[in-house]
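Visitor: So that we are looking at the same thing, I have put the structure below in structure tokens.
The values are calculated or read from the model by the stated rules, or taken from the named source; none is laboratory data. What you see is a predicted model; the values in this text were computed from it and never measured. Cβ placement follows ideal geometry from the backbone for every residue including glycine, while neighbour counts extend to all protein chains displayed. Accessible surface is based on the protein model in full, side chains and every heavy atom, while ligands, DNA and RNA are left aside. Shrake-Rupley method; radii C 1.70, N 1.55, O 1.52, S 1.80 Å.
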Amino acid sequence: MPLPLPTSLTPSKVAAFKDCALAFRFSVIDGLPEPPSAPAVKGTLVHRALQLLLEEPAAARTPDAAEACLARARVELATDPEFAGLGLDAEAEAAFAAEAGVLVRRYFQLEDPRHIDPVGLELKLEVQVGSLTLRGIIDRLERDEHGGLVVTDYKTGRVPPVIAEQQRLGGVHFYAYLCEQVYRERPSRIQLLYLSEPVAIMAYPSEQSIRGLQQRTTAIWRAVERACEREDFRPRTSRLCEWCAFQAYCPAFGGDPTRAAPDLLASQAS
Ligand code: SF4
């Protein structure tokens, strides 16, 4: 029997399918839970702190204000189940907060937030393409000094090697496409702000890049449809396997994928 198709595609789902179709199936189709990861939760904390900072009046967006925003974001995060799921003791929590603080301070080496003119923060965009919904949350959309739209995505992980830059930019090209569809205006620039180095990687959407994004997204969607139709999601081993929550069900690691759905049902019933 064909597997149910996902109802929407996001940049992270596209990347997940390309990384490993089987892990995509476990996560997106079967809905297997994944344990929270400290880097991901730290990313959430830093994103929220920068959102709060950019919500301040322009002149008030100072490093001291950023520290205060990070403190507010930490209070909010304290009740988040993902954060609680990390099970950090006091020492690990202090290290976690200190690392987030470093990332927020490094942000100021990339730009002066007093000169940013946000159009939207954590902006949810959605576009219907036939029966498929494309969705994305843009960290920041702003106007540059010439009035053009700029899509900004904060990254709290490591800077990719040059060879992988275009792949990482795929997500922001996806956002550029959503912007163009929703606002009827193509962004003049898209940028990834890597806070860990800190480094900014930029690209300039064009007719060709938007068309390329549409073609790649359509190809991925067709591949997902085919895989669902044939129930054929293959494992693709890589360095990501080291952190994969589904190894126990992965044939590449001696697991049985057919056990995943019954185990999930059993855990939900208990
Ligand atoms: S362990 Fe590796 S190959 Fe297996 S599902 Fe996870 S990412 Fe894919």
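Visitor: I'd like the antiparallel share, as a percent to the nearest 5, of DSSP beta bridges with both residues in segment 102-221.
Guide: Around 75 percent antiparallel, to the nearest 5.
Visitor: Could you run the Karplus curve 6.51 cos²θ - 1.76 cosθ + 1.60 with θ = phi - 60° over segment 24-31 and give me ³J(HN,Hα) per residue in whole Hz, x for Gly and Pro?
Guide: Those phi angles translate into 4, 4, 4, 7, 8, 8, 7, x Hz.
Visitor: Can you give me the Kirkwood hydrodynamic radius for segment 23-81, using every pair of distinct Cα atoms, in Å to one decimal?
Guide: Result for segment 23-81 stands at 13.2 Å.
Visitor: Percent relative contact order of the chain, based on C-alpha pairs within less than 8 angstrom and at least six residues apart?
Guide: 22 percent
Visitor: Let me ask you something else. Give the Cα extents of segment 24-179 along the principal axes, in whole Å, largest first.
Guide: 50, 46, 32
Visitor: Another question about this same structure. What order do His173, His115 take when sorted by accessible area (1.4 Å probe), most exposed first?
Guide: Per-residue accessible area, sorted high to low, gives His115, His173.
Visitor: Past the 28 angstrom mark, what percentage of all C-alpha to C-alpha distances in the chain do you count?
Guide: Above the 28 Å cut-off, the chain has 43 percent of its Cα pairs.
Visitor: State in Å² the accessible area per residue of the chain; use a 1.4 Å probe, count heavy atoms of protein chains only, and round to the nearest integer. Before the final figure, lay out each step's value.
Guide: Working: 14580 Å² over 270 residues.
Dividing the accessible area of the chain by its residue count gives 54 Å².
Visitor: Is it possible to state the helix-based mean residue ellipticity at 222 nm for the chain, with each DSSP H run of 4+ residues giving -39500 (n - 2.57), the sum divided by total residues, to the nearest 500 deg cm²/dmol? What is it?
Guide: Computed mean residue ellipticity for the chain: -15000 deg cm²/dmol.
Visitor: Please identify every one of the GluC sites (Glu not before Pro) in segment 191-270 that sits in a loop by DSSP and has no more than 16 other beta carbons within 10 Å of its own beta carbon.
Guide: In loop regions of segment 191-270 (DSSP not H, G, I, E or B), the sparsely surrounded GluC sites (Glu not before Pro) are Glu231.
Visitor: Then there is this: Carbon and sulfur together cover what percent of the accessible area of segment 15-134 at a 1.4 Å probe radius?
Guide: 54 percent
Visitor: Once the Cα atoms of helix 260-269 and of the chain are each reduced to a long axis, what angle between those two axes, in degrees from 0 to 90 to the nearest 10, is obtained?
Guide: 80 degrees
Visitor: Right, another one. Specify the residue with the greatest mean-square fluctuation among Leu192, Leu141, Leu32, computed from a Gaussian network of the chain linking alpha-carbon atoms under 10 Å apart.
Guide: So, out of Leu192, Leu141, Leu32, the one fluctuating most is Leu32.
Visitor: Under 5 Å between amide H atoms, partner at least 5 residues away or on a different chain: which partners does Leu3 have, H built in plane at 1.01 Å?
Guide: Answer set, sorted by chain and number: Glu229, Glu231.
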